[in-house]
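**Q** I'd like to ask you about the structure that follows.
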Amino acid sequence: MSTPWHVLGAGSLGTLWATRLARAGRPVRLILRDAARLRDYEATGGLTLVEHGEPATWAVPAQTPDHPEPIRRLLVACKAYDAESAVARLAPRLAPDAELILLQNGLGSQEAVAARVPHARCIFASSTEGAFRDGDWRVVFAGHGYTWLGDAAHPVAPIWLDDLCAAKIPHEWSTDILTRLWRKLALNCAINPLTVLHDCRNGGLQQHACEVATLCAELTDLLERCGQPAAADNLQQEVERVIQATAANFSSMHQDVTNRRRTEISYLLGHACKAAERHRLNLPHLHQLQQRLITHLQRLGLPGD
Ligand code: NAD
Ligand code: KPL
């Protein structure tokens with residue numbers, strides 16, 4: 001039998017991956033937080049993916065983190081702020097040749113995970129696919145996109161990309177995954193916090209073009225100082241293009257705040273501000289944006305980290 005995919009986190013992306021792999025006949029195991037979640041899942045009977053309005057349920061087997069089965073391939077599909085502790089719990093189960101695929105947005109969590117499991121291969125991912133939960137164990141496939149995968153330390157692609165082809169998960173092996181992650185982080189820093197502070201859709205930022213341009217200039221300086229000139233290339237133009245192309249959408253951070261969920265601010269703006277400090281780069285607008293956002297979140301009773 002082919003190597004099982006252990007999927008840590010049965011949320012939006014975890015379900016999107018687990019159901020497509022299961023549909024393609026690949027062995028998949030969900031790892032749920034604890035015995036209570038496992039009972040609840042088993043009573044429901046499976047994971048439901050709604051695609052083009054059509055729900056389909058897959059009885060993907062599930063287990064808790066203390067299950068004895070060794071793990072060779074782990075898809076880490078929790079939020080950035082949960083990834084390190086969730087993987088640390090699984091470290092004793094990882095086989096010597098284990099590979100982890102890290103789906104987290106932003107930067108910072110990947111390094112923290114890799115430090116916890118120094119013998120495992122950690123593959124970083126950046127995804128433009130979109131999914132959201134519309135009930136327990138039920139996810140809607142909202143936006144078709146692409147997932148780039150890469151390993152900054154070893155450029156050779158893993159053989160299991162065949163499983164992604166079979167599962168019809170659009171993907172590409174990337175030899176510059178850090179550039180992709182930095183570029184996405186910069187886009188998210190220029191757009192998402194402002195949509196929260198101005199309480200608007202992405203298109204609403206067209207009324208705040210100067211603020212966006214000032215942030216893009218500082219983010220460009222940061223990317224260049226961090227050795228990421230390709231990620232800095234024409235950043236402002238790309239931000240303006242994304243604002244226009246997604247004008248009717250609410251950013252993911254805006255959606256988190258609306259749903260009173262913790263944001264991933266520490267792995268986006270927080271990571272950018274820390275990198276600037278490390279390089280002794282003075283970026284006053286980015287810093288002020290971080291302070292305004294933290295104050296705003298705390299006023300709403302949400303975590304500021
Ligand atoms: P989500 O909140 O829907 O799912 C995360 C799941 O992980 C939850 O079910 C949570 O209970 C589970 N979890 C957390 N800690 C756990 C633990 N210790 N053990 C077991 N389960 C645990 O999150 P999501 O939207 O799927 O996002 C995951 C990552 O992917 C984020 O970094 C996000 O920014 C990124 N991302 C999401 C989308 C999307 O459309 N949802 C798109 C691109 C990138
Ligand atoms: O990726 C995004 C998000 O909402 O997180 C966009 C808005 C497209 C860029 O910041």
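The values are calculated or read from the model by the stated rules, or taken from the named source; none is laboratory data. Owing to the predicted nature of the structure, the values given are computational and were not obtained by experimental measurement. Note that each Cβ is placed from the backbone with ideal geometry, even for glycine, and that neighbours are counted across all protein chains shown.
**Q** Can you tell me how many residues in the stretch 218-250 are part of a loop (DSSP other than H, G, I, E, B) and either within 16 Å of ligand 1 (Cβ to nearest atom) or surrounded by fewer than 18 Cβ atoms within 10 Å (Cβ to Cβ) (or both)?
**A** The qualifying residues number 8.
Okay, residues lined up against (1) surrounded by 16 or more Cβ atoms within 10 Å (Cβ to Cβ); (2) among the charged types (D, E, K, R); (3) more than 14 Å from the chain's Cα centre (by Cα); (4) part of a helix (DSSP H, G or I):
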{"residue": "ALA112", "(1), (2), (3), (4)": "yes, no, yes, yes"}
{"residue": "PRO118", "(1), (2), (3), (4)": "no, no, yes, no"}
{"residue": "VAL140", "(1), (2), (3), (4)": "yes, no, yes, no"}
{"residue": "GLY145", "(1), (2), (3), (4)": "no, no, no, no"}
{"residue": "TRP148", "(1), (2), (3), (4)": "yes, no, no, no"}
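Conditions (1) part of a loop (DSSP other than H, G, I, E, B); (2) touching a residue at least 12 places away in the same chain (Cβ under 8 Å), marked per residue:
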{"position": "SER2", "(1), (2)": "yes, yes"}
{"position": "LEU13", "(1), (2)": "no, yes"}
{"position": "TRP17", "(1), (2)": "no, yes"}
{"position": "LEU21", "(1), (2)": "no, yes"}
{"position": "LEU30", "(1), (2)": "no, yes"}
{"position": "ALA36", "(1), (2)": "no, no"}
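**Q** Moving on to the next point. What's the number of the condition ARG116 fails, among (1) within 9 Å of ligand 1 (Cβ to nearest atom); (2) at pLDDT 95 or above?
**A** With respect to (1) within 9 Å of ligand 1 (Cβ to nearest atom); (2) at pLDDT 95 or above, ARG116 is out only on (1).
**Q** If you don't mind, there's one more thing I want to ask. Take the residues of the stretch 129-138 that are within 9 Å of ligand 1 (Cβ to nearest atom) and under 11 Å from VAL50 (Cα atoms): which is surrounded by the fewest Cβ atoms within 10 Å (Cβ to Cβ)?
**A** ARG133
**Q** On to the next question. When you scan the stretch 151-184, how many residues do you find that are more than 30 Å from SER251 (Cα to Cα) and among the charged types (D, E, K, R)?
**A** 2
**Q** For the stretch 251-266, which positions are more than 8 Å from ligand 2 (Cβ to nearest atom) and part of a helix (DSSP H, G or I)?
**A** Hits for the stretch 251-266 are ASP256, VAL257, THR258, ILE265, SER266.
A quick yes/no check of all residues on (1) modelled with pLDDT of 95 or more; (2) away from ligand 2 (no atom under 16 Å from the Cβ):
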{"site": "LYS79", "(1), (2)": "yes, no"}
{"site": "ALA83", "(1), (2)": "yes, yes"}
{"site": "ARG89", "(1), (2)": "yes, yes"}
{"site": "PRO92", "(1), (2)": "yes, yes"}
{"site": "GLN110", "(1), (2)": "yes, yes"}
{"site": "CYS122", "(1), (2)": "yes, yes"}
{"site": "GLY143", "(1), (2)": "no, no"}
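**Q** Quick one: count up the residues across the stretch 70-90 that are closer than 29 Å to LYS184 by Cα, more than 11 Å from ligand 1 (Cβ to nearest atom) and among the aliphatic types (A, V, I, L, M).
**A** Within the stretch 70-90, residues that are closer than 29 Å to LYS184 by Cα, more than 11 Å from ligand 1 (Cβ to nearest atom) and among the aliphatic types (A, V, I, L, M) number 1.
**Q** Would you check which residues across the stretch 261-275 are within 16 Å of ligand 1 (Cβ to nearest atom) and either of a type in the set (Gly, Ala, Ser) or over 18 Å from the mean Cα position of the chain (by Cα) (or both) and list them?
**A** Selection gives SER266, GLY270, ALA272.
**Q** Something else now. Starting from residues that are among the hydrophobic types (A, V, I, L, M, F, W, C) and in contact with a Leu (Cβ under 6 Å, 6 or more places away or on another chain), keep the ones in the stretch 57-77 and report whichever is surrounded by the most Cβ atoms within 10 Å (Cβ to Cβ).
**A** Restricting to residues being among the hydrophobic types (A, V, I, L, M, F, W, C) and in contact with a Leu (Cβ under 6 Å, 6 or more places away or on another chain), the top hit is VAL76.
**Q** Looking at (1) under 17 Å from ASP233 (Cβ atoms); (2) within 16 Å of ligand 2 (Cβ to nearest atom); (3) surrounded by fewer than 19 Cβ atoms within 10 Å (Cβ to Cβ), find the lone condition where ASP176 falls short.
**A** (2)
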